[in-house]
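See below for the structure under consideration.
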Amino acid sequence: MLSRLADALVPVFGRLGITTETGSGPIAGSIIIANHTSLSDPAIVLAALRRLGTEPIVLAAAGLWRVPLLGRALTREGHIPVHRHDPRAAQALREAQAALTAGRSVLLYPEGGIPHRKGVREAPPRPFHPGLFHLARATGAPIVPVGQAGARALASGSSVEQVARLLTAPLRRPRLRVHVGAPLRLDSEQTRAQALAMTHSALTRAWHTAARQLGAPVISTAR
């Protein structure tokens, strides 16, 4: 339902363009990583992935499960709550590992939360948390970087600014871009730092491709 809803709603708010490095979407059982810039970018990424034939299980902030109706829908569809800075955080990785073993793809945001910065300009992904490394090392699953650009034009800034941008988006129809990079796998001899640097570089390239297609102003370094 979540992917179908995203695919139906995103075209109402903006013009979505999708490109891929390989000509196809992620294979089943992939760890999909995406850059996180706005409350709206999960919908954009899910809509793009659905058009490529993938409807992943999503690792998302546990607070979403407290939203009436949404929380029940997330649980029913098998999405996984992430309790940051909490002993329960490890449970999310165990559930993600089980999903991958069962042949499902998993979407996660290795940067963690949304960046605290102003404006709608694009910026590279921030440093990754180590959960991605542990999940990929435990499962051997391919990692697919998905870069998105344009989400901040739909929702960013203060609460008032976010509401204003969302309400005016159907009239403005901002361009939204998603680029799916080539899959990669961790080398058994890679250290955690090396693996995270490699995957961060891959996601940065995918993001840069999407941002370049968008033609939007870009911040040279993450903040």
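Per-atom-type breakdown for region 1-77 gives carbon and sulfur 61% of the accessible area (1.4 Å probe, protein chains only).
When the Cα convex hull of region 65-223 is projected onto planes of every orientation, the mean area is 10.8 nm².
Considering only S40, S158, S30, the Gaussian network model of the chain with Cα springs below 10 Å gives its largest mean-square fluctuation to S158. Using a cutoff of 8 angstrom between alpha carbon atoms and counting only pairs six or more residues apart, the relative contact order for the chain works out to 30 percent. For T20, the residues 5 or more places off, or on other chains, whose built amide H falls under 5 Å of its own are V180. Computed from Cα atoms, the angle from the helix 159-172 axis to the main principal axis of the chain rounds to 70 degrees. Please give the net charge around E161, taking every other residue with its beta carbon less than 12 angstrom from that of E161, where Lys and Arg add +1 and Asp and Glu add -1. Cβ neighbours under 12 Å give a net charge of +3.
The sum of -39500 (n - 2.57) across all DSSP H runs of n ≥ 4, divided by the residue count of the chain, sets its helix-only mean residue ellipticity at 222 nm to -12500 deg cm²/dmol. In order along region 43-59, the phi-based Karplus estimate (6.51 cos²θ - 1.76 cosθ + 1.60, θ = phi - 60°) of 3J(HN,Hα) comes to 5, 5, 5, 5, 5, 5, 5, 5, 5, 9, x, 10, 10, x, 7, 10, 8 Hz; Gly and Pro are listed as x.
A DSSP coil position with no more than 15 other Cβ atoms inside 10 Å describes the following GluC sites (Glu not before Pro) in region 1-101: E77.
With each label modelled as a point 7 angstrom along the Cα→C-beta vector, the R121-R76 pair spans 4.4 nm. What does the C-alpha gyration tensor say about the overall shape of region 1-128? Classify as rounded when a/c is under 1.5, otherwise prolate if a/b is larger than b/c, or oblate. Since a/c stays below 1.5, the shape of region 1-128 is classed as rounded. Amide H contacts under 5 Å for L107: I32, I57, V58, L59, restricted to partners 5 or more places along the chain or on a different chain, H placed in the peptide plane at 1.01 Å from N.
The values are calculated or read from the model by the stated rules, or taken from the named source; none is laboratory data. None of the values given here were measured: they were computed from a predicted structure. With ideal geometry, Cβ positions are generated from the backbone for all residues, glycine too; neighbour counts draw on all protein chains shown. Please note that ligands, DNA and RNA were not included when accessible areas were found on the heavy atoms of the full protein model with its side chains. Shrake-Rupley method; radii C 1.70, N 1.55, O 1.52, S 1.80 Å.
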